[in-house]
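First up is the structure itself, then whatever we jot down about it.
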Amino acid sequence: WDNADFSRGVGTTFYQEFLTLNTAKPPFVRDVEAKVRRYLRSSYSAAWTLKITWEKAPAYAARTDTRRTITYQAILTTDGFRSYILMLYQEGGMQWDYTRLAATNVLIGYT
């Protein structure tokens, strides 16, 4: 989640936490559970989920170009024993011009 630059007042970051251990689960959490079950073919019931959104984030250094922005999300979820992360990118993938970034070893996702 590196190299986003909000210093020019373009874009924003926000988050929403879902504590669902002893409460009714909102549709968003049920959707996350369904994705984990589908992709991992295992049972899963979330106890906690965090959704982080970077909206219209320009790449570092924003002083050179704030027109190419990207909206992406990280969703962290756990049942208390197993933890998962879903990385979601706007349709069309990363819109930053990676040839103009300071680093040349750019990855989408995590290692």
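The values are calculated or read from the model by the stated rules, or taken from the named source; none is laboratory data. No experiment lies behind these values; they were computed from the predicted model shown. Glycine gets a Cβ as well: all are built from the backbone with ideal geometry, and neighbour counts include every protein chain shown. Note: areas computed on protein heavy atoms with side chains; ligands, DNA, RNA excluded. Shrake-Rupley method; radii C 1.70, N 1.55, O 1.52, S 1.80 Å.
Listed values, structure above:
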read-out: Extension gain from residue 71 to residue 22, taking 0.36 nm per residue of separation minus the Cα-Cα distance; value: 14.5 nm
read-out: Cleavage-rule hits (trypsin sites (Lys or Arg not before Pro)) in the stretch 1-72: DSSP loop, at most 10 neighbouring Cβ within 10 angstrom; value: 41, 63, 67
read-out: Chymotrypsin sites (Phe, Trp or Tyr not before Pro) restricted to the stretch 1-77 and DSSP loop, no more than 13 other C-beta within 10 Å; value: 1
read-out: Inter-probe distance in nm under a simple model that places probes 7 Å from Cα toward Cβ, at residue 30 and residue 81; value: 2.4 nm
read-out: Solvent-accessible area, 1.4 Å probe, carbon plus sulfur percent, for the stretch 12-100; value: 52 percent
